[in-house]
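Here the structure is laid out as structure tokens; the discussion comes afterwards.
Values in this text are rule-based calculations from the coordinates and carry no lab data. Treat the numbers as computed from the prediction; the structure is a model and nothing was measured. Glycine gets a Cβ as well: all are built from the backbone with ideal geometry, and neighbour counts include every protein chain shown.
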Amino acid sequence: MKNADEARESGVSRSVDRAARYVLDIIPESAGPRRATAQGSVIYSVRGPGSQTFLAKEHSVGIVLAPIRKLRASLGSDKLQEYDAPVGCLVINPAGVDSNLAWSATRENAVVSISPEALSALAAHEFDIGDPELRPPAFGTVDVWALTIAQKITAELTGEPSPNGLYLDSLVTLFGIHLLRTYTGRNRQPASPKGGLSTDGARRVREYLNESFMRKILVAELASVAGVSPNHFIAGFTRTFGMPPHRYLINLRLDFAERLLADGRLSIAEVAYLAGFSDQSHLAATMKKYRGRTPTGAGNASLKR
């Protein structure tokens, strides 16, 4: 009776433990904490330079937690592709598909593994469909929502007290639903007929910019978030948002700066730093160019209102 209670609390049965065992074993235990759950397994992994080849027995997803350059990977193919992986970049390895990965620097990521049976059960319950077919995105694709779940999993695995199995299992379930909604054919959004970004791609880019506008952002990074090539991203973004990405980013920074200036508790130099400008002069020149006023004027205008 005691053993049964412990199994229920951890969310692990003997059959589930066997299903998750393979993913838990192919990543060395020294890489970081891990846990099997009723739906699959989760791992927080930090590994030095190396390589890995395996045939997935479960649906496995790796989410990058720290940027890494020059990853080399292949999925179901002998041809390796080299790419830079920003934070939030994910690789989906469907069950039954072989994978190769090589990296030359320390790699920090979270791994979520879901058994095919568990994902099929979720698909039947949530969407009334049979066996789902996962469609992995291009290497380098950033998924902000997947990153959020991965960060919660990492915090639970590395925090105190010991990880709660039921909580981790709920996160794996949420992750599985996200996979079904985003990386199967059922909800795939077509590109805009005018040549802009897809509805889903535009949403991901908007959310990513809203969270990251204070720092330097590369076009290639945004293109990965949108799921398009860098060559097509600027034109697609401009058609979708009515302005190029650089101008959109400036507007976000200026809006944020004006809110801080209106609050009046920070100096102009502090506001410039927090809003992503190089210094006070950069903020002043940019605000004058695009808003027709100075930081001092922006603060005064808000006070008068």
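For the pairs 57/79; 152/289; 216/288; 57/152, flag any whose C-alpha to C-alpha distance is greater than 32 Å.
In this structure, 152/289 exceed 32 Å between Cα atoms.
Assuming 0.890 mPa s and 25 °C, estimate D for the range 199-242 with Stokes-Einstein, Rh taken as the Kirkwood radius over Cα pairs, in µm²/s.
D, rounded to a whole number, is 237 µm²/s.
Which length gain, in nm to one decimal place, applies between residue 270 and residue 51 when the Cα-Cα distance is subtracted from 0.36 nm times their residue separation?
Extra length from residue 270 to residue 51 when fully extended: 74.4 nm.
Starting from 0.36 nm per residue, how many nanometres of slack lie between residue 288 and residue 199 once their C-alpha separation is accounted for?
28.7 nm
What full-extension length gain, to one decimal in nm, is calculated for residue 25 and residue 145 as 0.36 nm per residue of separation minus the Cα-Cα distance?
In short, 40.5 nm is gained.
For residue 239 and residue 138, FRET efficiency with R0 = 25 Å and r from the beta-carbon atoms, rounded to 0.05?
0.75
So, R0 is 45 Å and r is the distance between the beta-carbons of residue 97 and residue 160; what FRET efficiency does that work out to, to 0.05?
E(calc), rounded to 0.05, equals 0.75.
Using r as the Cβ-Cβ distance of residue 126 and residue 262, and R0 as 30 Å, what FRET efficiency do you calculate, to the nearest 0.05?
Computed FRET efficiency for residue 126 and residue 262: 0.10.
Once label points are set 7 Å from the Cα along Cα→Cβ at both residue 278 and residue 229, what is their separation, rounded to one decimal in nm?
With each label placed 7 Å out from Cα toward Cβ, I get 3.2 nm.
Over the C-alpha atoms of the range 21-76, what are the Rg and the largest Cα-to-Cα span, Dmax, in Å?
Both quantities, over Cα of the range 21-76: 11.9, 35 Å.
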